[in-house]
Amino acid sequence: MANNKIIEALAADVERLMKLHDSAVAEIAELREKSEEQRNKIRHLQEQLKEAKAEAAKASLREAIEGNTSNKSVARAHINRLLREVDKCIDMVSNRI
């Protein structure tokens, strides 16, 4: 009799653990899906940020070239940075020839 109760208790525990396992597996799948969605959102927002920074840099350069900027040192630094980039490109092309 005692053995039957132990077996029944163990069977109930096993059944409960199997249900917990199934719900945990389902939760993991749901969390993985949400994680992928968040990764996609982050990637999209990073692309938007990159585009916004590029647009801001273009606007800053445009203001610097037009002379409409109130902060001449920022414009000068931006132009100098672009000139250094052009110089690096020229050096790379020259080294290939």
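Brief remarks on what is shown
- Boolean, ILE7 is farther than 30 Å from LEU82 by Cα and either surrounded by 10 or more Cβ atoms within 10 Å (Cβ to Cβ) or basic (Lys, Arg) (or both): yes
- Selected residue (criterion: modelled with the highest pLDDT) from residues of the range 70-89 that are open to solvent by less than 90 Å² (accessible area, probe 1.4 Å) and among the aliphatic types (A, V, I, L, M): VAL86
- Among the residues making up the range 19-69, those that are assigned to a helix (DSSP H, G or I), open to solvent by less than 70 Å² (accessible area, probe 1.4 Å) and within 30 Å of ILE79 (Cα to Cα) are ALA52, ALA54, ALA56, ALA57, ALA59, SER60, LEU61, ALA64.
The values are calculated or read from the model by the stated rules, or taken from the named source; none is laboratory data. Since we're looking at a predicted model, the values are computed, not measured. Reconstructed Cβ throughout: ideal geometry from the backbone, glycine too, with neighbour counts over all protein chains shown. Calculation scope for accessible area: heavy atoms of the full protein, side chains included, ligands and nucleic acids excluded. Shrake-Rupley method; radii C 1.70, N 1.55, O 1.52, S 1.80 Å.
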